[in-house]
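The next block holds one structure in the form of structure tokens; read it before the comments.
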Amino acid sequence: MNWLAARLARLMVCLLVVVAVIRAHEARPCYLELKETGPGQFEVLWRIPVLAGMRVPVTLKLPANAKDLKAPDIQELTDSLVERRWIDAGPNGLAGQRIDFPGLQVTITDILVRVELLDGRSWTAIIHSSQPYVDIAAPQSHLAVMGGYIVHGIRHISLGADHLLFLLGLLLIVKDRWMLIKTVSAFTVAHSITLALATLGYANAPVVPLNLAIALSILFLGPEIVRVWRGEPSFTIRHPWVVAFAFGLLHGFGFASALTSAGLPRVELPLALLSFNVGVEIGQLGFVLLILLLERAFRILEIRWPHWVQAVPGYTVGSLGAFWTIQRVFILLGGAQ
């Protein structure tokens with residue numbers, strides 16, 4: 001086993017026991033758009049993600065003074081539930097009002113809020129589960145919005161078990177530090193390309209087949225890790241950065257779903273894309289740094305693990321890759337019926 005895999009396998013066993021029971025998911029956000037169309041009157045767009053056939057359990061609670069002008073229009077899409085409403089909030093509008101999101105506090109979902117007022121002012125905010133409401137009278141600066149998207153990017157990759165597991169599989173294959181730098185850099189460049197293309201609307205990938213392809217990318221690494229243990233050569237082992245780049249293109253589409261599924265206005269996309277990608281990179285580099293620091297700590301402490309424990313990380317990558325592949329095949333077939 002190479003320099004990283006031997007030590008990484010020992011230190012990661014406890015972490016992977018936890019990861020093994022985590023369900024892979026995309027932490028796609030909800031989206032709320034409030035567009036003032038007349039004095040005190042608003043067109044409301046409320047989009048809730050649907051994951052594996054189940055919608056995120058978050059509801060929209062408008063202020064008590066907001067009355068429907070006509071019946072809401074609800075549209076069920078493959079990946080989301082879209083509700084359009086037309087409300088009258090009275091002569092003072094929604095200024096100084098609070099909008100609540102019951103159920104958000106028990107999820108890992110964020111909510112992107114976009115407000116456009118009749119006088120031309122507009123602002124965007126990102127609502128997290130720790131504060132499940134938004135005050136309309138508290139617009140955010142561009143710097144605050146950028147910080148919110150950065151945090152959203154960090155949360156997205158940190159809670160995306162499949163992305164992190166693929167990255168872990170690559171770490172178990174690399175032979176030395178220089179190859180590690182090349183591999184992580186290739187993955188970063190690749191997913192940044194497709195993240196930008198998908199977010200800006202130049203390319204897209206259907207969610208269900210995409211998630212299946214991401215699961216297959218993890219499954220692909222399982223046998224390669226076993227070959228490393230046996231000292232057998234392969235193209236992936238000699239050139240892991242090539243594999244990282246190729247599959248990184250797929251994972252970039254997965255990252256993009258956190259923005260494209262929200263239906264942000266095009267004027268918001270450049271700032272959202274830049275900030276979100278920075279957050280993804282911070283989360284990714286933080287994960288790699290954590291692995292390397294733990295590896296060094298265990299090496300200094302000279303902790304020895306049984307052989308079967310050393311094999312747990314590699315078999316976890318392959319087993320979860322196989323499980324998610326089978327699961328997503330059934331979801332794909334179920335959606336095709």
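The values are calculated or read from the model by the stated rules, or taken from the named source; none is laboratory data. What you see is a predicted model; the values in this text were computed from it and never measured. Here the Cβ positions follow ideal geometry from the backbone for every residue, glycine too, while neighbour counts run over all protein chains shown. Remember, those area values only see protein heavy atoms, side chains included, never the ligands or the DNA or RNA. Shrake-Rupley method; radii C 1.70, N 1.55, O 1.52, S 1.80 Å.
Observations, loosely collected:
- Highest GNM mean-square fluctuation among 127, 282, 303, for the chain modelled with Cα contacts below 10 Å: 303.
- Basic side chains Lys and Arg get +1 at the Cβ, acidic Asp and Glu get -1 at the Cβ, and with that the dipole of region 138-288 about its Cα centre reaches some 240 debye.
- Accessible-area order (highest first, 1.4 angstrom probe) of the listed residues 319, 275: 319, 275
- Cβ-based charge dipole, region 28-165, positive-most Cα from 89, 38, 164: 164
- Considering only 314, 160, 286, the mean-square fluctuation computed in a Gaussian network model of the chain, springs between alpha carbons under 10 angstrom, is largest for 286.
- Förster radius 56 Å - calculated FRET efficiency between residue 307 and residue 98, Cβ distance, rounded to 0.05: 0.45
- Working from label points 7 Å from Cα in the Cα-to-Cβ sense, the residue 45 to residue 181 distance is 4.5 nm.
- In Å², nearest 10: area of residue 128 left accessible to a 1.4 Å probe: 50 Å²
- Zone residues, region 148-192, relative to residue 227, backbone N less than 13 Å from point 7 Å out along Cα-to-Cβ: 173-174
- Think of a 1.4 Å ball rolled over the protein heavy atoms: region 164-213 then has 40 Å² of accessible area per residue.
- In the chain, helical runs assigned H by DSSP with n ≥ 4 each contribute -39500 (n - 2.57); averaged across all residues and rounded to the nearest 500, the mean residue ellipticity at 222 nm is -18500 deg cm²/dmol.
- Rounded Å value of the spacing that divides the Cα centres of region 233-262 and region 29-71: 34 Å
- Between residue 238 and residue 76, the distance separating the two model label sites (each 7 Å from Cα on the Cα→Cβ line) works out to 5.3 nm.
- Net charge dipole size for the chain [Lys, Arg +1 and Asp, Glu -1 on Cβ; Debye, nearest 20]: 1020 debye
- As a fraction of the 1.4 Å probe accessible area of the chain, surface on carbon and sulfur atoms comes out at 64 percent.
- With a Förster radius of 41 Å applied to the beta-carbon distance between residue 322 and residue 274, the computed FRET efficiency rounds to 0.70.
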